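Here the structure comes first, spelled out in C-alpha coordinates, and everything after it is commentary.
The values are calculated or read from the model by the stated rules, or taken from the named source; none is laboratory data. The model shown is predicted, which means the values in this text are computed figures rather than measured ones. Cβ placement follows ideal geometry from the backbone for every residue including glycine, while neighbour counts extend to all protein chains displayed. Ligands, DNA and RNA are excluded from the accessible area calculation, which covers all protein heavy atoms including side chains. Shrake-Rupley method; radii C 1.70, N 1.55, O 1.52, S 1.80 Å.
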Amino acid sequence: QVQLVESGGGLVQAGGSLRLSCAGSGRAFGSYFMGWFRQAPGKEREFVAAISWNGANIYYAESVKGRVTISRDNAKNTVYLQMNSLKREDTAVYSCAARQWTYSGSYANYEYWGQGTQVTVSS
(Lines give C-alpha, C1' and ligand atoms only; values in the text may rest on other atoms or scores of the structure.)
Protein backbone atom coordinates (compact mmCIF):
# COMPACT_ATOMS: atom_id res chain seq x y z
CA GLN A 1 0.00 0.00 0.00
CA VAL A 2 1.37 3.38 -1.09
CA GLN A 3 -0.15 6.84 -0.74
CA LEU A 4 1.17 9.64 -2.94
CA VAL A 5 0.86 13.43 -2.70
CA GLU A 6 2.18 15.79 -5.38
CA SER A 7 3.29 19.38 -4.88
CA GLY A 8 5.24 22.10 -6.65
CA GLY A 9 2.87 23.00 -9.46
CA GLY A 10 1.85 26.52 -10.29
CA LEU A 11 1.78 29.26 -12.90
CA VAL A 12 4.99 29.92 -14.80
CA GLN A 13 6.00 31.87 -17.89
CA ALA A 14 7.11 30.02 -20.99
CA GLY A 15 10.80 29.26 -20.74
CA GLY A 16 10.66 29.03 -16.97
CA SER A 17 11.20 26.10 -14.62
CA LEU A 18 9.35 24.14 -11.97
CA ARG A 19 10.30 21.29 -9.67
CA LEU A 20 7.50 18.89 -8.83
CA SER A 21 7.66 16.63 -5.80
CA CYS A 22 5.78 13.45 -5.00
CA ALA A 23 5.83 12.44 -1.36
CA GLY A 24 4.97 8.82 -0.64
CA SER A 25 4.07 6.79 2.37
CA GLY A 26 4.29 3.06 2.79
CA ARG A 27 6.85 0.60 4.03
CA ALA A 28 7.79 -0.67 0.56
CA PHE A 29 8.18 2.71 -1.20
CA GLY A 30 11.78 1.93 -2.11
CA SER A 31 10.74 -1.13 -4.11
CA TYR A 32 8.33 0.73 -6.42
CA PHE A 33 8.89 1.88 -9.97
CA MET A 34 7.70 5.49 -10.06
CA GLY A 35 6.20 7.36 -12.97
CA TRP A 36 5.00 10.85 -13.81
CA PHE A 37 2.00 11.37 -16.09
CA ARG A 38 0.10 14.42 -17.23
CA GLN A 39 -3.33 15.17 -18.59
CA ALA A 40 -4.45 18.33 -20.36
CA PRO A 41 -8.11 19.28 -20.91
CA GLY A 42 -9.60 17.32 -23.78
CA LYS A 43 -6.61 15.01 -24.06
CA GLU A 44 -5.76 11.54 -22.82
CA ARG A 45 -3.36 11.02 -19.97
CA GLU A 46 0.19 10.69 -21.27
CA PHE A 47 3.45 9.37 -19.95
CA VAL A 48 6.14 11.88 -18.97
CA ALA A 49 8.94 10.05 -17.16
CA ALA A 50 9.68 7.04 -14.97
CA ILE A 51 12.44 5.82 -12.68
CA SER A 52 13.25 2.39 -11.28
CA TRP A 53 13.43 1.51 -7.59
CA ASN A 54 17.17 2.12 -7.41
CA GLY A 55 17.34 4.97 -9.93
CA ALA A 56 19.36 2.91 -12.39
CA ASN A 57 16.73 2.91 -15.14
CA ILE A 58 15.15 6.15 -16.33
CA TYR A 59 12.70 6.78 -19.16
CA TYR A 60 11.40 9.99 -20.75
CA ALA A 61 8.66 10.79 -23.21
CA GLU A 62 9.94 12.20 -26.48
CA SER A 63 7.97 15.39 -25.94
CA VAL A 64 9.92 16.29 -22.79
CA LYS A 65 13.29 14.65 -23.41
CA GLY A 66 16.13 17.07 -22.74
CA ARG A 67 13.93 19.42 -20.72
CA VAL A 68 13.05 17.33 -17.67
CA THR A 69 14.94 15.28 -15.11
CA ILE A 70 13.38 12.64 -12.88
CA SER A 71 15.05 11.60 -9.64
CA ARG A 72 14.17 9.95 -6.35
CA ASP A 73 15.30 9.92 -2.75
CA ASN A 74 14.10 6.74 -1.11
CA ALA A 75 15.29 7.88 2.31
CA LYS A 76 12.75 10.72 2.01
CA ASN A 77 10.12 8.64 0.21
CA THR A 78 10.06 11.26 -2.53
CA VAL A 79 10.34 11.40 -6.31
CA TYR A 80 11.06 14.64 -8.19
CA LEU A 81 10.46 16.02 -11.64
CA GLN A 82 12.61 19.00 -12.58
CA MET A 83 11.09 20.78 -15.56
CA ASN A 84 12.98 23.40 -17.57
CA SER A 85 12.28 25.40 -20.73
CA LEU A 86 8.56 25.00 -20.18
CA LYS A 87 6.21 25.44 -23.11
CA ARG A 88 2.52 26.26 -23.32
CA GLU A 89 1.83 22.67 -24.38
CA ASP A 90 3.23 21.49 -21.03
CA THR A 91 0.13 22.87 -19.31
CA ALA A 92 -1.60 19.95 -17.60
CA VAL A 93 -2.36 18.25 -14.33
CA TYR A 94 0.73 16.26 -13.38
CA SER A 95 0.32 13.08 -11.35
CA CYS A 96 2.78 10.63 -9.90
CA ALA A 97 2.10 6.91 -9.85
CA ALA A 98 3.65 3.73 -8.50
CA ARG A 99 3.88 0.11 -9.55
CA GLN A 100 5.99 -2.78 -8.31
CA TRP A 101 9.48 -3.43 -9.63
CA THR A 102 9.26 -2.93 -13.39
CA TYR A 103 8.86 -0.14 -15.94
CA SER A 104 5.66 0.71 -17.75
CA GLY A 105 4.81 3.69 -19.92
CA SER A 106 1.10 2.92 -19.73
CA TYR A 107 -1.00 4.54 -17.02
CA ALA A 108 -3.20 1.46 -16.85
CA ASN A 109 -0.34 -0.55 -15.38
CA TYR A 110 0.17 1.65 -12.31
CA GLU A 111 -1.48 0.66 -9.05
CA TYR A 112 -1.29 3.83 -6.97
CA TRP A 113 -1.91 7.45 -7.89
CA GLY A 114 -1.70 10.86 -6.33
CA GLN A 115 -4.37 13.51 -6.86
CA GLY A 116 -2.21 15.62 -9.15
CA THR A 117 -0.76 19.12 -9.20
CA GLN A 118 -1.65 21.76 -11.79
CA VAL A 119 1.08 23.19 -14.01
CA THR A 120 0.07 26.19 -16.12
CA VAL A 121 2.50 27.72 -18.60
CA SER A 122 1.69 31.12 -20.06
CA SER A 123 3.39 33.17 -22.74
For W101 the rounded accessible area (nearest 10 Å², probe 1.4 Å, non-protein molecules ignored) is 150 Å²
For K65, the lysines lying under 21 Å Cα to Cα, once residues fewer than eight places off in the same chain are dropped, come out as K43, K87
For segment 37-123, listing GluC sites (Glu not before Pro) in a DSSP loop whose Cβ sees at most 16 other Cβ atoms within 10 Å gives E44, E62, E111
Contour minus Cα-Cα span, Q13 to Q1, at 0.36 nm per residue, comes to 0.6 nm
In order over segment 35-43: 3J(HN,Hα) from phi, Karplus 6.51/-1.76/1.60, θ = phi - 60°, whole Hz, x for each Gly or Pro, gives x, 10, 10, 9, 9, 9, x, x, 10
With all protein chains present and a 1.4 Å probe, the order of D90, D73 from largest accessible area down is D73, D90
Given unit charges at Cβ for Lys, Arg (+) and Asp, Glu (-), the dipole magnitude of segment 1-107 about its Cα centre in debye, nearest 20, is 100 debye
Log10 I(q)/I(0) at q = 0.23, 0.25 Å⁻¹ for segment 18-81, from Debye over equal alpha-carbon scatterers, is -0.98, -1.10
Using the Kirkwood formula on alpha carbons, the hydrodynamic radius of segment 1-117 in angstrom works out to 14.0 Å
Reported to the nearest 10 Å², K87 has, with a 1.4 Å probe, an accessible area equal to 90 Å²
